[in-house]
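Heads up: the structure comes next, in structure tokens.
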Amino acid sequence: MKEKIQKFREYLDYVERHYDNVQKAWKEVQDKCSDMRFIHDDYVFGCIDRHVKCHDLSKLSQEEFTQYRQFFYPTEGEVKDKELMNQGWQNHLLKNDHHWQTWTTKDYLSPYAQEIYLVENIIDWMAMGYEFGDTAKDYYEKNKESIKLPDWAIELMYKIFYRVYPRS
């Protein structure tokens, strides 16, 4: 029992760090991309800001929390249940449009909505980079063969990368 409680705490600590890192990444993007349209357009900026404030809230839901904890923070002898994790991941994608796997499949999204989700996706990758010691640009470049983005999104993403990571 104590070990399971500890693993729940460890996973909850990770969720909190990720949330804090998303807030930090959004501030960094605002600072370094201050000349870009998504910062100056009140509607787009406001949407991104609202999304960032409730980023990944679904990770605390009954459809995701235990599934993620069990996979990433298993107790001794606990087998990582890939199917259970996949169910949690599918729920996460359903509830969080900032993942490219979600927003790129929604043909009905306006260009503004697509831009909002792309920027939030980049912020999410930046936050992961703070945790795991790389950058959003590194992550994209290592995985770009499997990440399906439209050309306009890749172009905008690299404009953001060049401002956030000017030396890379």
On each of the three principal axes the extent of the alpha-carbon atoms of the range 17-63, given in whole Å and largest first, is 40, 21, 10
Of every hundred units of 1.4 Å-probe accessible area on the chain, the number belonging to carbon and sulfur atoms, as a percent, is 53
With -39,500 (n - 2.57) per DSSP H segment of 4 or more residues and division by the full residue count of the chain, the 222 nm estimate, nearest 500 deg cm²/dmol, is -22000 deg cm²/dmol
Expressed in square angstrom to the nearest 10, the accessible area of residue 9 with a 1.4 Å probe stands at 140
Per residue convex hull volume, Cα only, the chain, in Å³ is 123
Which of 80/137; 24/142; 27/137; 53/159; 2/59; 32/95 exceed 27 Å between C-alpha atoms? The answer is 80/137; 32/95
With all protein chains in place and a 1.4 Å probe, residue 119 shows an accessible area in Å² (nearest 10) of 0
Hydrophobic long helices for the chain, i.e. whole DSSP H runs reaching 27 angstrom or more by Cα along the axis with Kyte-Doolittle mean at least -0.5, come out as 111-132
Quick shape check on the range 65-137: root eigenvalues a ≥ b ≥ c of the Cα gyration tensor, a/c under 1.5 is rounded, otherwise prolate if a/b tops b/c, else oblate, and it reads oblate
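The values are calculated or read from the model by the stated rules, or taken from the named source; none is laboratory data. Here the structure is a predicted model, which means the values were calculated and not measured. Remember, those area values only see protein heavy atoms, side chains included, never the ligands or the DNA or RNA. Shrake-Rupley method; radii C 1.70, N 1.55, O 1.52, S 1.80 Å.
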